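The values are calculated or read from the model by the stated rules, or taken from the named source; none is laboratory data. The structure presented is a predicted model; accordingly, all values stated were derived computationally and were not measured. Note: ideal-geometry Cβ built from the backbone for every residue, glycine included; neighbour counts use all protein chains shown. Quick note on the areas: whole protein, heavy atoms, side chains included, nothing else; ligands and nucleic acids left out. Shrake-Rupley method; radii C 1.70, N 1.55, O 1.52, S 1.80 Å.
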Amino acid sequence: MEFDILRLTNGLRVLHFEDKNIMTVHCGFIINAGSRDELSTENGIAHLIEHCMFKGTQRRKAFHILTRLDSVGGEINAYTTKEETSVYASALKEHFDRAAELLVDITFSSIFPEKEIEKEKSVIVDEINSYKDNPDEMLLDEFEERLFPEHPLGKSILGTAELVNGFTREDIMRFVERNYTTDQIVFTCVGNVSLKKIETFSKNVLEKLPASSSSRVHRTIPKSSMFSESKHTSVHQVHSLLGCKTIGFDDDRRRAMVLMNNVLGGPALNSRLNLNIRERFGYCYYIESSYSPYEDTGVFQIYFGTDKRHEKKVAKLIVKELRSLTDVALSERLLSVAKKQLLGQIALSQENRANLMLSLGKALLQFDRVDRFDEIQSQVHDISALEIQELAAETFDQKNLASLSYIPE
């Protein structure tokens, strides 16, 4: 898998991967701006902007934006995370120009009509309230807020109803001007489109966008807080999170962390948490671990939901699995199996070309380069059992672990 990377004079970077075996094209802008880049009075504004980008440009009204690709069977969408905002589209290959032009229009020429802003505020408040009906979502937000107190990484991406309702068009324009700069944006394209076509589009459209550079203050590394608390609330089962601050994208051990997470409680059914707690005892319907890396830090978490009478048993079994990873190095056979599993998961995820487009763009934005699959294979094969064991000991040190549980009233 070979990628083409173009670096334009205005600072924009373009990533292209041609796949002649499909009929479609997937493309989008990945913007290095998320809820982490909000000021304390701006919590939720990055997500509001993502909504409002579809509500009118200098050339189009909301109706024309929403039907431009839908009318030819394509799709356009967006999402906001704590560190980036993505606006992307999928369509038949013959509609690349239509999709790409629309993406440029809403990313760089949105006018954010005040009437539409007010409507989207109401939509987002409903979204905030819907999260309050999901205890696992509420638990995650509260856990990260306590883990990173008084830091944007600890704040909900959605913000609060009070803050969202108070945002003005001027607030939105200030955030966009500060963060949506050409040196912080990547355009990425995966599909049945030639490099020549991408080069022409880059020269005739993207390179004509005015150059701009970010003036925001450098992202600060958050301090973490340790806590252990159980709260009685209106839930039917115990919802519990155990976790800690850990390494980020800037640490070369991040692939080892992904591998360790896979072994412990990743998405596969043969993870240790799933086999030794759900399958063996039937204590949980849902139990998993997750690793969420950010630019300079990360969060490792273990979540489970269980009947109140099984809570302490599950907690003890989790501690047992953590100690197993810390005290006993993986055997050569188990390490080999874990590596094959991870590489298989990566390969399968890359078969989804829309996901590949987004992940490649994020990689270029984060590292200013993209690893080929053979390079990823080499990096994974180089991970040793000792490296995983040492990383487990560092991550699961009792002094670093925090916990939060919702208990039925």
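Computed quantities for the displayed model
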{"read-out": "Linear extension gain, Lys119 paired with Ile22, 0.36 nm per residue minus alpha-carbon span", "value": "31.1 nm"}
{"read-out": "Within straight-line cross-link reach of Lys208, lysines at Cα separation under 21 Å, skipping those fewer than 8 residues along the same chain", "value": "Lys196, Lys197"}
{"read-out": "Cα gyration tensor shape of the stretch 81-219, rounded if a/c is under 1.5, else prolate or oblate by comparing a/b with b/c", "value": "prolate"}
{"read-out": "The chain, helix-only ellipticity at 222 nm - DSSP H runs n ≥ 4, -39,500 (n - 2.57), divided by all residues, nearest 500", "value": "-13000 deg cm²/dmol"}
{"read-out": "Where no second cysteine Cβ lies under 4.7 Å, the cysteines concerned in the chain", "value": "Cys52, Cys244, Cys284"}
{"read-out": "Degrees separating the helix 311-327 axis from the principal Cα axis of the chain, which is the longest one", "value": "80 degrees"}
{"read-out": "Probe 1.4 Å, all protein chains present, accessible-area order of Met138, Met260, largest first", "value": "Met138, Met260"}
{"read-out": "With Cα atoms, 0 to 90° folded angle of helix 254-265 axis to the chain main axis", "value": "50 degrees"}
{"read-out": "The chain: antiparallel DSSP beta bridges as a percent of all, rounded to 5", "value": "80 percent"}
{"read-out": "Shape category assigned to the stretch 1-132 from the gyration tensor of Cα positions, a/c cut at 1.5", "value": "prolate"}
{"read-out": "Sequence ranges 97-109, 55-67, ranked by mean other-Cβ count within 10 angstrom, highest first", "value": "97-109, 55-67"}
{"read-out": "Percent of Cα-Cα distances greater than 19 Å, calculated over the stretch 329-391", "value": "41 percent"}
{"read-out": "Pairwise centroid distance, computed over Cα atoms, of the stretch 165-221 with the stretch 327-376, Å", "value": "27 Å"}
{"read-out": "Degrees, to the nearest 10: 135-147 long Cα axis against longest axis of the chain", "value": "90 degrees"}
{"read-out": "Charge-dipole axis of the chain as Lys and Arg at +1 and Asp and Glu at -1 on Cβ define it, positive-most pick from Gly361, Ser71, Gly56", "value": "Ser71"}
{"read-out": "Highest-MSF residue in the chain out of Lys316, Lys362, Lys155 [GNM, Cα springs under 10 Å]", "value": "Lys316"}
